[in-house]
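Trainee: Here it is: the structure, laid out below.
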């Protein structure tokens with residue numbers, strides 16, 4: 001199945017991913033009330049690794065073999081799990097969950113730029129270049145003019161930059177996954193999560209130590225459990241399947257919707273309000289995506 005005809009199943013997977021990921025930013029904010037940021041990232045990855053690996057062995061599939069597959073799994077584990085989860089958890093200490101969700105709209109822009117060189121059949125065109133320019137203007141608006149200022153500024157600009165950096169990591173992870181040799185989806189997902197666990201757990205223990213039980217309440221624990229089972233375990237299975245069957249660029253269709261859900265959940269459950277500039281940035285990013293995909297949409301029946 002080609003990226004040009006992904007099919008109904010992949011569209012349903014993308015919609016499910018957008019809702020699951022949209023709610024993850026709300027849950028990260030809740031989890032941070034009881035855990036430090038690297039601990040949130042480590043716990044969600046370990047929970048997901050245990051769940052997916054157990055399912056893989058129960059199905060008689062087990063873990064993949066081959067050096068090339070494991071190298072790709074390590075790459076995906078780092079760029080799609082360990083690095084972006086850490087950046088987002090740290091960033092959400094200083095920005096609203098809705099803002100973190102809005103930055104996910106930048107993932108397609110980075111994916112498009114990388115796919116031009118690294119994925120056959122996804123070359124850059126003038127329309128895509130124009131869309132990329134619009135989208136990057138939106139990313140600059142999201143970060144804010146003080147993000148690159150010298151030391152001494154507030155933490156929020158750096159937190160915004162961390163959230164945007166996580167989108168570049170996701171894009172790289174998608175390209176790595178697409179270029180992986182053929183392997184069962186669940187086996188590759190388990191391998192990637194195991195690799196991510198091996199990276200993030202020692203880092204979290206070294207930097208933050210063990211979580212303080214006195215800080216942990218049922219809400220924070222439940223949020224971490226949600227993050228491990230849905231946006232990490234289930235989402236990893238879904239995204240690997242979409243990338244393998246429809247390509248990394250099609251997967252980014254979910255990122256068009258994630259900001260809407262993240263803002264909705266943050267507004268309803270956390271009483272968050274975002275400045276108008278955030279929505280202006282989102283408008284620029286979505287305009288860039290629309291222009292970049294105009295030719296493909298015209299070809300669809």
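Trainee: Go through (1) modelled with pLDDT of 90 or more; (2) surrounded by fewer than 18 Cβ atoms within 10 Å (Cβ to Cβ); (3) under 30 Å from residue 280 (Cβ atoms) one by one and return the number of the condition residue 215 breaks.
Mentor: Going through (1) modelled with pLDDT of 90 or more; (2) surrounded by fewer than 18 Cβ atoms within 10 Å (Cβ to Cβ); (3) under 30 Å from residue 280 (Cβ atoms) one by one, residue 215 breaks only (3).
Trainee: Restricting attention to segment 59-73, and to residues there that are outside any loop (DSSP other than H, G, I, E, B) and more than 23 Å from the chain's Cα centre (by Cα), which single residue is surrounded by the fewest Cβ atoms within 10 Å (Cβ to Cβ)?
Mentor: The residue in question is 67.
Trainee: Kindly indicate whether residue 177 is surrounded by 14 or more Cβ atoms within 10 Å (Cβ to Cβ) and either closer than 20 Å to residue 61 by Cα or touching a strand residue (DSSP E or B) at 6+ places or on another chain (Cβ under 7 Å) (or both).
Mentor: It is true that residue 177 is surrounded by 14 or more Cβ atoms within 10 Å (Cβ to Cβ) and either closer than 20 Å to residue 61 by Cα or touching a strand residue (DSSP E or B) at 6+ places or on another chain (Cβ under 7 Å) (or both).
Trainee: Continuing with this model, one more query. Sort out which residues of segment 241-253 are more than 13 Å from residue 109 (Cα to Cα) and either modelled with pLDDT under 75 or not in a loop (DSSP other than H, G, I, E, B) (or both), and write them in order of number.
Mentor: Listed by number, the residues that qualify are 241, 242, 243, 244, 245, 246.
Residue-wise test of (1) modelled with pLDDT of 75 or more; (2) at positive phi.
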site	(1), (2)
139	no, no
148	no, no
152	no, yes
175	yes, no
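The values are calculated or read from the model by the stated rules, or taken from the named source; none is laboratory data. Quantities reported herein were computed from a predicted structural model and do not represent experimental measurements. Because the Cβ atoms are built from the backbone with ideal geometry, glycine has one as well, and the counts that use them run over all protein chains shown.
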